[in-house]
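Structure first, commentary second.
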Amino acid sequence: MLSVLIPVYDYHVGPLVRQLVAQLQPVDFPWEVRVYEDASPPGDSDFNAELRELADRVVYTVLVENHGRAAIRNRLAREARYENLIFLDADGAIPTGFITAYAPYLDSGKVVSGGRFYSEERSIPGDAFLHWLYGRKRESKPALVRSKQPYVGFQTNNFLAPKSLLLWQPFDEKAVGYGHEDTLWGWELKAKNIELLHIDNAVEHLGLEDHGTFLRKQERAVHNLRVLQESHPGLPSRLSSLASKVAMFKFALMPLLSILAPLARRRLDRTLPGSLYWLDLLKLYWFWRE
């Protein structure tokens with residue numbers, strides 16, 4: 001009845017899997033957990049060797065070739081044993097009652113997003129503060145807020161969907177770069193009038209990255225957004241909405257942004273920001289530069 005699917009790249013997923021197994025063992029329906037290691041660097045998959053101890057209910061597979069963020073999820077969906085699929089990112093921690101909260105929607109045919117949240121400030125290392133601040137301000141939203149624009153900013157870190165839907169509407173594997181394959185999938189759900197329901201069943205995001213790594217991934221995500229928008233005109237995002245609002249000032253702003261961008265990057269990389277103002281400027285520059 002339920003397959004929980006977790007793509008992994010270079011992360012110790014054992015604690016999350018054990019949390020899931022503990023919540024799934026009491027249920028009265030068949031289930032499995034599938035963990036696919038997407039060709040992590042040599043030796044890194046050793047983190048997760050402990051999962052083989054759970055082989056009766058946990059399918060742990062180490063892939064030789066890297067599939068990428070879209071293709072690995074499609075493969076997990078194809079090979080899942082059951083019709084109800086919960087996708088989780090490897091770097092999350094589920095709340096008490098996580099499975100119970102999704103249970104009413106099993107076999108409903110709906111796509112259900114549970115959301116994500118970030119821990120309190122006091123526990124955050126200084127070099128991960130920017131990622132934490134971005135997550136708190138841009139990604140941690142209750143269901144009531146997400147439901148106002150249900151398809152905008154869809155995230156694959158924590159959602160339930162029917163296997164039949166994923167087979168009919170898989171993730172676009174042409175989205176090979178980092179970021180926005182989930183944005184595209186959410187947009188395609190809207191285009192096909194597939195209901196996307198939001199509930200409060202948030203998973204804590206633990207995999208915070210240092211400022212340099214976070215900024216590099218943000219830059220790659222902006223590039224990937226532009227690539228996807230070339231093949232999918234009208235693909236919405238918060239960044240493209242901002243760019244549209246100030247488009248009339250682009251040619252006046254670009255010379256200034258080209259000067260400010262290196263300064264903004266150094267500032268974000270070295271200090272603890274109080275807001276995301278400099279990051280927004282930097283991303284706008286990257287977006288227009290493409």
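Only the coordinates and a few stated rules stand behind these numbers; no lab work does. Since the structure is predicted, the reported quantities are computational estimates derived from the model, not experimental observations. Here Cβ is always computed from backbone atoms with ideal geometry, including for glycine, and neighbour counts include all displayed protein chains.
Before moving on, here are some points about what is shown:
- Scattering profile of region 131-290 at q = 0.18 Å⁻¹ [log10 I(q)/I(0), Debye over alpha-carbon scatterers]: -1.28
- Summing +1 for each Lys or Arg and -1 for each Asp or Glu among the other residues whose beta-carbon sits under 10 angstrom from that of LEU51 gives -1.
- Region 69-84 - phi-based ³J(HN,Hα) in whole Hz, Karplus 6.51/-1.76/1.60, Gly and Pro as x: 5, 7, 5, 5, 5, 5, 5, 4, 5, 4, 8, 4, 7, 10, 7, 8
- Ranked SER164, SER119, criterion: other C-beta atoms within 10 Å, fewest first: SER164, SER119
- Gyration tensor verdict on region 52-204 (Cα atoms; rounded if a/c is under 1.5, prolate if a/b is larger than b/c, oblate otherwise): rounded
- Each 10 Å bin, from zero up to the one with the longest distance, holds this percent of the alpha carbon pairs of region 214-289: 18, 51, 29, 3.
- Rounded to 10°, Cα long-axis angle of helix 211-231 versus longest principal axis of the chain: 90 degrees
- Relative contact order computed over the chain (Cα-Cα under 8 Å; 6+ residues apart), in percent: 20 percent
- Gyration tensor over alpha-carbon atoms, the chain, equivalent ellipsoid semi-axes in Å: 33, 22, 18
- Taking other C-beta atoms within 10 Å as the exposure proxy, PHE287, PHE29 rank PHE29, PHE287 from fewest upward.
- Simple Cβ-charge dipole of region 214-289, Lys/Arg +1 and Asp/Glu -1, about Cα centre, in debye nearest 20: 200 debye
- Over all other residues within a Cβ to Cβ distance under 15 Å of TYR82, the charged ones net out to 0, with Lys and Arg as +1 and Asp and Glu as -1.
- Gap separating the Cα centres of region 239-266 and region 122-176, nearest whole Å: 25 Å
- Calculated [θ] (222 nm, deg cm²/dmol) that DSSP helices of n ≥ 4 give over the chain, each run adding -39,500 (n - 2.57): -12000 deg cm²/dmol
- Span from the region 190-213 Cα centroid across to the region 1-23 one, whole angstrom: 16 Å
- Exposure proxy ranking, count of Cβ atoms within 10 Å, fewest first, for LEU130, LEU165: LEU165, LEU130
- Between the residues VAL35, VAL222, TYR11, the greatest Cα displacement towards the positive end of the dipole of the chain, with unit charges on the Cβ of Lys, Arg, Asp and Glu, is found for VAL222.
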